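Please treat every number below as a calculation from the coordinates, not as lab data. Remember, predicted model here, so these are calculated numbers, not experimental data. Cβ placement follows ideal geometry from the backbone for every residue including glycine, while neighbour counts extend to all protein chains displayed.
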Amino acid sequence: MKSNFNSPAIWVLSVSFTVSVIALVIFLAESDFSDKTLFLLLAVLRYSSFLLCISSVFLTVTGFKRVVHKPSVLPVFGVVLTFCLTLFGLGIILVDAFILSITGGKG
């Protein structure tokens, strides 16, 4: 039986989600960081959220395919989870674009 947890997409999803959450927590803590540091954190957040979004879309599509071929509760849970991670990544990307547009693109 082939395990889906050995997939490179799972590893990319896990690492990018972890980096996104860590960067988001540090960015929101904002303990007297300079603007340069905050924009660096914002760039890390942007690119890790982009990877998160791409890998979660891929896993959502493959999970949906798995649900259609072999219906079960676990693949449905996986599709819902990866869809929520897609929304998280898109939300972070939109907030990043909003912040960059307010600052005049001086990131």
### Cβ crowding within 10 Å averaged over residues, with 13-22, 91-100 ranked highest first
13-22, 91-100
### Message
Can you give me the distance in nm between label points at residue 69 and residue 102, each placed 7 Å from the Cα along the Cα-to-Cβ direction?
### Response
4.6 nm
### Summary
Distance in nm between residue 6 and residue 77 label points, each 7 Å along Cα→Cβ, equals 2.2 nm
### Query
Within the chain, what's the longest stretch lacking trypsin sites (Lys or Arg not before Pro) that sit in DSSP loops with no more than 15 other Cβ atoms inside 10 Å?
3-105
### Query
So how compact is the chain: Cα radius of gyration and Dmax in angstrom?
16.3, 53
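Could you give the dipole magnitude of the chain about its Cα centre, charging the beta-carbon of Lys and Arg +1 and that of Asp and Glu -1, in debye to the nearest 20?
Numbers: 7 positive and 4 negative charges, 121 e Å.
The dipole magnitude comes to about 580 debye.
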### Rounded to whole Hz, the Karplus (6.51, -1.76, 1.60) HN-Hα couplings of the stretch 58-72, x for glycine and proline
4, 5, 5, 5, 5, x, 5, 4, 5, 5, 5, 7, 9, x, 6
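Helix-only mean residue ellipticity at 222 nm, the chain, DSSP H runs n ≥ 4 weighted -39,500 (n - 2.57), per residue, nearest 500. What is it?
On the way: 3 runs with 87 residues, N = 107.
Helices in the chain give a 222 nm mean residue ellipticity of -29500 deg cm²/dmol.
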